[in-house]
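Bear in mind these aren't lab numbers, they're just calculated from the coordinates by the rules spelled out. What you are looking at is a predicted structure, and each value in this text was computed from that prediction instead of being measured. Heads up, the Cβs are rebuilt from the backbone with ideal geometry, glycines too, and the neighbour counts pull from every protein chain shown.
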Amino acid sequence: MAVPGRRVEPDRSGRRRDRQPRVRLRADAITDAESGGGVTNDSRFPWLATNLVDADTGEAFAGTESARVVDRGGVRVGLIGLVDDGATFGKTNIDFEGEGLRVEDYTETGPAEAKRLREEEDVDVVVALAHTGVPDAEALAEADTDDAIDVVVAGDDEIVYPPEATSGTVVTEGRPARTTSANSASPSTPTPAPSPASTATCSR
């Protein structure tokens, strides 16, 4: 898994340099940066865009998936990728509406997809990769009244926040590709209050 955020950046020569091969990714979330870079066709992992959908069908658009289920040590983990309205306004000049895409309310679509994963895909844990910033990630956790989301890994703020529990959901901040973030959650017990040692660690 990866935190949501920039993964492809220009090097000093101006050529785009893909940081992804350094990490074996299970999935990543579409953000304003990836939308502008057109990287989905070159990736060897799925891009998740749970609430950025085809405006006509309401389904995942070309090159993306609504969710992905991975097996980690016998635990079925459901992954979803969310963006806020900032992916459309203020960060990119891409006309998503003109491209036939629609940004749905992540506080509604995220919990609904997490609930579907639990009921239809029999997942043990749901992790939301959210390009929303931590304050909005906390709003997502509060909106998840069915407690379907276990962990929200937030990007976009570019500020380090310690992991905290909000309405029973662990909210942790993921930093850009220069770091990795590891999160753990037990499917058999309620989500505990997080600690830096047990819930999220970052290393260069």
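With R₀ fixed at 22 Å, the C-beta to C-beta distance from Val70 to Glu99 puts the FRET efficiency at about 0.15. Once the Cα-Cα distance is subtracted from the 0.36 nm per residue extended length, the Asp122 to Thr57 segment shows a gain of 20.9 nm.
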